[in-house]
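Throughout, read-outs are computed from the coordinates displayed, never taken from laboratory work. Nothing here was measured: the structure is a model prediction, and the numbers come from that model. Cβ sites come from the backbone with ideal geometry, for glycine too, and all protein chains shown count toward neighbours.
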Amino acid sequence: MKVLIKAPAKINLSLDVLHKRPDGYHEVEMIMTTIDLADRLELTLLSEDEIKIVSQNRFVPDDQRNLAYQAAKLLKEKFHVKKGVKINIEKTIPVAAGLAGGSSDAAATLRGLNKLWQLDLSLDELAELGAQIGSDVSFCVYGGTALATGRGEKIKELPSPPSCWVVLAKPLIGVSTADVYGRLQLKDVVHPNTDGMIEAIQNQDFAGVCRNVGNVLEGVTLNLYPEVAQIKEQMHRFGADAVLMSGSGPTVFALVQHDSRMHRLYNGLRGFCDQVFAVRLLGERNPLD
Ligand SMILES: C[C@](O)(CO)[C@H](O)COP(=O)(O)OP(=O)(O)OC[C@H]1O[C@@H](n2ccc(N)nc2=O)[C@H](O)[C@@H]1O
Ligand SMILES: Nc1ncnc2c1ncn2[C@@H]1O[C@H](COP(=O)(O)OP(=O)(O)OP(=O)(O)O)[C@@H](O)[C@H]1O
């Protein structure tokens, strides 16, 4: 028996950090949304008690470091599952990019194993388990568009943003999320207007969404990697309606409504950047597979 499941990437339309918590994590307020750039996972039931990870991508670990492995192990232990699973990950989302690739693979594994191992858990239960794997996993269990608070695991659903193109560009560097949070100096940051972003989404106001994009982690990564600032400049030059770094970076995304501008951006950035994608916002929540 097999389950095929898509694991879409996310972008942060806004990312604010309120304060550092005693447990070392940061209290955040983020507006996240899924995009049509996805890994594909194939989960195959194994009769032996084993979790096997297979991926052609050399940056993806094939052992307990893989977040999909951790998701399977968590379900196995919690629900005393005696059967095993082979997880084949066809990777499209760039690794260590700020697009929650590993988190989305973990979330897809939770959703897929819920079916394969017949666990009958709700999305809320899966999201709660996901929080034990990483801060972005709960959001990825639901997908769609949401306000994420706490350390990122408290999810409040929002309507889909107005439809547009998302052009993403990732330079040839990987960024450590822990390192970026560790270097953040909260006294220096300009906080994004989270309420303004929610209002713009609710009013389907594309110009308002563009006005309110903001990410307090952006300054940290721009200081470490000047090439990220160069990509931002290029995107503005090619006519993007809004430009922002996603998560802890280094991927930068541009929002554009017109097809012709999307083509101009996509073609202009290729050759200048390691990986470039032009995709649509997904907006809608994942079904319970
Ligand atoms: C940057 C974002 O991707 C934005 O969506 C998330 O905030 C990070 O989510 P993630 O990669 O799932 O992060 P985790 O694996 O939970 O944490 C990695 C490390 O990032 C730091 N971290 C993460 C989340 C948070 N709210 N505060 C933090 O300080 C911690 O040092 C933590 O050890
Ligand atoms: N399924 C997976 N896919 C990719 N990387 C994984 C996976 N599982 C674990 N990893 C490890 O996690 C690290 C971060 O990769 P990932 O692509 O999840 O980062 P990210 O997009 O920056 O995540 P986030 O936006 O949630 O901070 C990688 O360097 C890799 O070693």
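Miscellaneous remarks
- Modelled label positions at Gln56 and Ser160, each set 7 Å beyond Cα in the direction of Cβ, lie 3.0 nm from each other.
- Each of Asn223 and Gln185 was given a label point 7 Å from its Cα along the Cα-to-Cβ line. The distance between the two points is 0.5 nm.
- Dividing the mean sequence gap of close Cα pairs (under 8 Å, 6+ apart) by how many residues the chain holds gives a relative contact order of 23 percent.
- Sparse-neighbour loop sites [GluC sites (Glu not before Pro); region 1-89; at most 15 other C-beta within 10 Å; DSSP]: Glu48, Glu50
- Degrees separating the helix 259-269 axis from the principal Cα axis of the chain, which is the longest one: 80
- You can think of it this way: the chain between Leu4 and Glu90 has 29.9 nm of extra reach, that is 0.36 nm per residue less the Cα-Cα gap.
- For the chain, the longest principal axis of the alpha carbon atoms and the long axis of helix 226-237 meet at an angle near 60°.
- When restricted to Cα atoms, region 186-246 yields an Rg and a Dmax of 12.9, 36 Å, respectively.
- With Cα atoms defining each centre, region 197-226 and region 1-76 are spaced 24 Å apart in the structure.
- Filter on Lys78/Lys115; Lys2/Lys73; Lys73/Lys115; Lys10/Lys83; Lys52/Lys154; Lys76/Lys170 - keep pairs with C-alpha separation over 26 Å: Lys10/Lys83; Lys52/Lys154; Lys76/Lys170
- Potential extension, Glu199-Ala178 segment - 0.36 nm per residue separation minus Cα distance: 4.5 nm
- Distance between modelled label sites at Lys78 and Gln275, nm, 7 Å Cα→Cβ extension: 2.8
- Relative to the longest principal axis of the Cα atoms of the chain, the long axis of helix 67-78 lies at roughly 40 degrees.
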